[in-house]
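Chemist: I'd like to ask some things about the structure below.
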Amino acid sequence: MERRNPSRGIQLFVDEETDKLIHPYNSSNKKTREDWEAMEIYYRYGKWTIEEKEKLLENWNWYLEKYGSAFENPLDLLDRRRNQDLINLMKYSDFFLVIARSLNRSTASCYLKLRRDVRTVTLKNGFFSELELKKLKKLSKKHKNNYQAIADKMGRDRQSVQDKLRRHGKTVKSRNWTAEEDENLIKAVQEVTGLQNLEEIKQLEIPWRTVAQLVPTRHEEQCRAHFSYLKRSKLQNIDDNASKLKKWRKEESHRLIDILSNGDYSFETDIDWNEVNQSFVDVSPSASYIQLQFYKLKSDIADFHRKSFSDLLEEISSSHKH
């Protein structure tokens with residue numbers, strides 16, 4: 001079934017009288033996803049909006065206020081290796097339904113987003129200094145594959161430690177991909193998935209860790225991101241069409257702003273970029289190119305990532321009039 005923009009369907013909210021959690025995809029109701037979509041109730045997918053992030057954290061804080069005292073460390077709720085007692089307590093207290101309340105997202109999506117946001121703020125994540133790399137190497141010899149013990153010693157998120165150790169010892173390039181690497185990546189994906197037609201390969205179903213083992217100069221995140229570009233460019237013949245296109249001018253920027261302002265979009269994630277791209281076939285090689293042009297427009301606005309979509313469009317439009 002074709003995915004639809006959830007903002008054009010029925011929104012999911014909490015019943016104000018009974019405070020009943022209305023989240024049909026994850027409730028005890030036995031309707032299938034197709035049944036709900038027939039009623040014009042859809043999943044929201046893709047990038048999270050500011051409003052959604054705020055609501056997710058509001059749900060998390062509400063849960064902690066009501067049930068937080070039952071847990072020795074609330075962050076254990078966001079650990080992938082939860083013990084059975086903790087899992088039972090989470091089910092009893094409707095943890096997954098609570099964090100997903102009033103959001104058109106699956107509980108799995110809400111949980112993963114909450115885990116990333118909360119643990120990233122609480123625990124150190126990202127770049128490893130030279131001193132940390134030495135400490136990591138020493139701790140890995142002592143604790144072997146006990147990633148949680150290593151993470152606790154380093155004050156870091158367990159997943160970041162595991163990812164770093166998995167890449168450790170592999171010579172990884174950080175510059176532009178070569179034609180040979182492109183070919184290796186495509187062959188690796190085809191070998192792992194058993195599919196030769198790029199159009200049949202679904203990005204979310206590819207085991208990137210296995211793919212990266214077949215591409216010796218890149219790690220799995222690089223492979224995932226670059227394959228997305230390769231697939232898109234080959235299917236849309238970006239390289240062949242680019243030389244035939246006109247140059248993007250200010251007039252196109254104004255037209256893009258008008259289209260987005262007059263479109264039926266509540267959030268940026270509602271935009272069908274392929275549909276928008278149809279209005280720019282003379283200057284745009286792909287939908288991703290249009291997205292890039294919009295990113296350039298909004299990046300000129302201070303704190304653009306903290307503004308709602310409607311406010312952002314208004315500021316962009318105002319700045320371009322002057």
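Chemist: Report the label-to-label distance for residue 225 and residue 304 in nanometres (one decimal), using points 7 Å from each Cα along the Cα→Cβ vector.
Modeler: 1.8 nm
Chemist: What is the distance in Å between the Cα centres of the range 125-162 and the range 57-92?
Modeler: Using only Cα atoms to place each centre, the spacing works out to 25 Å.
Chemist: Listed here are the pairs 173/296; 55/137; 173/246; 113/144; 138/173; 153/173; which of them are more than 32 Å apart at the Cα?
Modeler: Values: 173/296 27 Å; 55/137 40 Å; 173/246 34 Å; 113/144 29 Å; 138/173 25 Å; 153/173 29 Å.
Cα-Cα > 32 Å for 55/137; 173/246; rest within.
Chemist: Next question, about the same structure. Computed FRET efficiency, Cβ-Cβ of residue 200 and residue 92, R0 56 Å: what is it to the nearest 0.05?
Modeler: The computed FRET efficiency comes out at 0.85.
Chemist: Give me the mean projected area, in nm² to one decimal, of the convex hull enclosing the Cα positions of the range 175-322.
Modeler: Working: hull surface 42.6 nm².
Over every viewing direction, the Cα hull of the range 175-322 projects on average to 10.6 nm².
Chemist: Under the 0.36 nm per residue contour assumption, what length would be gained going from the current alpha-carbon distance of residue 50 and residue 250 to full extension?
Modeler: Values: separation 200, 0.36 × 200 = 72.00 nm, distance 2.83 nm.
Gain in length upon complete extension: 69.2 nm.
Every number here is computed from the coordinates shown, using simple stated rules; none is lab data. All of these numbers come straight from a predicted model, not from anything done at the bench. When we count neighbours, we look across all protein chains shown, and the Cβ atoms used for this are built from the backbone with ideal geometry, even at glycine.
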